[in-house]
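Values in this text are rule-based calculations from the coordinates and carry no lab data. Nothing here was measured: the structure is a model prediction, and the numbers come from that model. So basically every Cβ, Gly included, is an ideal-geometry build from the backbone, and we count neighbours across all protein chains shown.
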Amino acid sequence: MSRRYLPLGVDTVEDIEGYQPGGYHPVHLGDTFDGKYKILHKLGSGGFSTTWLARDIVGKRYYAVKIVKAGETAASTEMRTLSKLAAIQSDDCGKHHIRNLAAHFTLQGPNGLHNCLVTEVAGPSLNRLYNVIGHGYAQGSRRLRADIARTATRQLVQAVHFLHSQRICHGDLTLSNVLLKLKPVDDWTEDEVLGRLGTPSTQDLVAAPGTDPGDSAPGYVVEPASMPDAKYFTHDVLLVDFGEAFPADSPPKPEDIGIPVKYRAPETFFESKVSPASEAWSLACVLYEIRAGDPLFTSIMGGRDEIIMQMMQMKGKLPGPWWSSWEGRSRWFDDNGKSHREGSEDISTAPEYPLEGMIAEIGGEDEEEAFFGSEVSKLEPKDTKVPQDEAESMRDFLEAALKWAPEERLTVAQMLCHPWITG
């Protein structure tokens with residue numbers, strides 16, 4: 001397919017080929033939408049939307065405005081889910097850790113009709129936090145301080161419990177969808193906002209020879225704002241992005257859910273079975289990642305077989321029906337589920353790697369230097385191990401939450417009562 005635009009020199013922006021009918025809405029800094037939301041900076045982008053920092057020039061508050069591609073159904077799902085949750089009268093503490101939908105509107109533009117969601121402004125996702133190269137913060141090299149991480153895990157369980165109590169599943173529980181809350185920012189001037197987030201950096205968008213995108217494209221694209229200093233973050237988290245949410249009693253097929261394979265429960269690979277129990281598995285994976293700074297499972301090539309192999313390294317042989325139907329098993333295991341051994345040194349292709357060992361290694365590969373703005377105190381000191389009593393509680397929790405059989409796993413309600421969460 002021919003390109004509409006010349007390539008950019010940055011890879012941190014949306015796919016510029018999406019600026020066409022049915023795609024992204026062209027946004028320029030200073031634009032005002034719905035009569036009051038003035039665009040100041042870009043917060044991020046994804047395959048289906050761009051998200052902007054906006055100032056409500058009427059209410060004098062800052063918001064995140066997500067402008068979804070024309071015709072995308074995920075926005076309708078998210079808007080419907082957040083509206084339903086907002087209407088629930090509840091003092092459940094978990095509700096306070098779900099991003100609030102402040103408003104929504106539609107925007108008619110050159111590329112079609114766009115759904116727009118207005119939500120509170122928050123800090124970075126924990127995934128971004130663990131991967132910010134510009135702050136010297138590499139994933140796995142440093143972690144949130146233990147007490148902050150434990151607060152985040154507890155609040156996330158509370159948020160998911162609130163969802164499940166309303167028979168709603170999030171559908172995309174990943175570290176990317178867990179954000180840190182910001183301290184109050186509404187009293188900041190626009191100049192102060194730009195001073196703390198950095199002046200927007202733009203790249204001109206140039207049409208490829210022989211093409212004329214007309215009004216479908218902006219004159220430039222905006223790179224996302226840099227992460228603010230950690231002193232502006234609280235220790236509280238928000239669960240966001242409900243575009244994949246679904247009723248617990250009417251789940252979609254696994255192939256229709258966009259959750260990365262490293263967070264998927266094993267039954268979704270073999271039985272086309274998505275449920276609150278499979279979401280409990282995903283939640284347990286995210287909780288481990290918050291505490292460890294590294295994911296529980298890692299798929300380098302992006303495939304499910306790699307993840308299933310790592311599950312077996314941690315838990316042992318798959319249950320019979322799954323084992324017999326797994327076509328990729330011979331790559332690592334013999335017919336009895338034992339790891340192949342290769343080479344003159346008789347090295348195992350898939351050595352056992354139980355949870356106890358994984359937890360014991362947390363903090364064992366910290367880099368010499370890492371810093372996090374002016375708030376190094378928010379980080380776990382270098383080479384800090386998980387204390388033995390917590391390690392035992394953490395292992396007990398994960399073993400109970402990651403049972404092969406969905407009906408044997410901890411429910412999210414039971415997670416709330418586990419000592420690793422309550423402690």
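Okay, here's what the table says:
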item: Residue (of ALA208, LEU82, PRO295) at the positive-pole extreme of the chain, dipole from beta-carbon charges; result: LEU82
item: Estimated dipole of the chain in Debye, rounded to 20 [Cβ of Lys and Arg +1, of Asp and Glu -1, Cα centre]; result: 960
item: Theoretical ellipticity at 222 nm over the chain - DSSP helices of four or more residues, -39500 (n - 2.57) apiece, nearest 500; result: -8000 deg cm²/dmol
item: Ranked CYS116, CYS169, criterion: other C-beta atoms within 10 Å, fewest first; result: CYS116, CYS169
item: Listed residues PRO260, PRO387, PRO209, most fluctuating in the chain (Gaussian network, C-alpha, under 10 Å); result: PRO209
item: All lysines inside 24 Å of LYS273 as judged from Cα atoms, apart from same-chain residues fewer than 8 positions distant; result: LYS253, LYS262, LYS315, LYS317, LYS403
item: Kyte-Doolittle mean at least -1.0 and Cα axial length at least 20 Å: DSSP H helices in the chain; result: 73-87, 146-165, 276-292
item: For the chain, with +1 on Lys and Arg beta carbons and -1 on Asp and Glu, the positive-most of VAL261, MET312, THR234 along the dipole; result: THR234
item: Sorted by Cβ density within 10 Å, fewest first, the residues ARG55, ARG143; result: ARG55, ARG143
item: Highest-first arrangement of 355-362, 174-181, where packing means the average Cβ count within 10 Å; result: 174-181, 355-362
